Amino acid sequence: MPFREMGPPDGMNEREYIRFLIENKCYFCGSKNRVTRIYWERKVRSCIKCFKDNTVLEGIDNRVKLILQRPFLQNGSLSNRFWRDQVEAKYAELCSIDIKDQNEWIYEQYQLSNDLQREIAERRREDVLSRENQRSQRIQGISDKLDLMCEEKDENGSEKYQRYLLERCPNGKFYDKN
């Protein structure tokens, strides 16, 4: 997979991983018409509406909060939301453990959560690098096309296009060679 060094996360094979990265489809509603983002802690791609519908802000046992990963927001900060199904599953698991063993279980889950949080941070870094590399390649492609256009001559042998004018074109505002 271009721009990716990390392999698929646990529970995903190579094919699923590639599809997950490429397909811009919400896991929950299936919409391809909404902007989605990857939530590595849940291994889903979700639109904002479904993210809000499937996460909770309050009513979460503090012991469960300790062992769950909070989703990262687009700006890189952690959300105050938790995935509803993960909260319910961990709480049910906690309640099924004998009270004298709960502290040990919480500690083990906390360690696993920290390990997973480090992996999520690595995957997010890789996402950023991937977007930067893709952007650089697009810019280079645009620059190459502008170069080809500037080489074109009209019937008099004069330059058909002048680069400085092409770069000033309102439709080319996305092109930033810096």
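Observations
- Residue in the stretch 30-48 that is closer than 25 Å to Glu122 by Cα and more than 13 Å from the chain's Cα centre (by Cα) present: no
- Checking each residue in the stretch 114-142 for being farther than 20 Å from Gly7 by Cα and either among the charged types (D, E, K, R) or touching a helix residue (DSSP H, G or I) at 6+ places or on another chain (Cβ under 7 Å) (or both) picks out Arg135, Arg138.
- Of the listed requirements (1) within 27 Å of the chain's Cα centre (by Cα); (2) without any contact (Cβ under 8 Å) to a residue 12 or more places away in the chain; (3) farther than 17 Å from Leu112 by Cβ, Ala89 misses just one: (3).
- Enumeration of residues in the stretch 74-109 that are within 24 Å of Arg37 (Cα to Cα) and among the hydrophobic types (A, V, I, L, M, F, W, C): Leu78, Phe82, Trp83, Val87, Ala89
- Residue match in the stretch 111-124 (condition: at pLDDT below 85 and among the polar types (S, T, N, Q)): no
- Taken as a whole, the condition of being surrounded by fewer than 12 Cβ atoms within 10 Å (Cβ to Cβ) and touching a strand residue (DSSP E or B) at 6+ places or on another chain (Cβ under 7 Å) does not apply to Val128.
The values are calculated or read from the model by the stated rules, or taken from the named source; none is laboratory data. Bear in mind that the values here come from a model prediction, so they are computed numbers and not experimental data. Don't worry about glycine lacking a Cβ; one is built from the backbone with ideal geometry, like all the others, and counts go over all protein chains shown.
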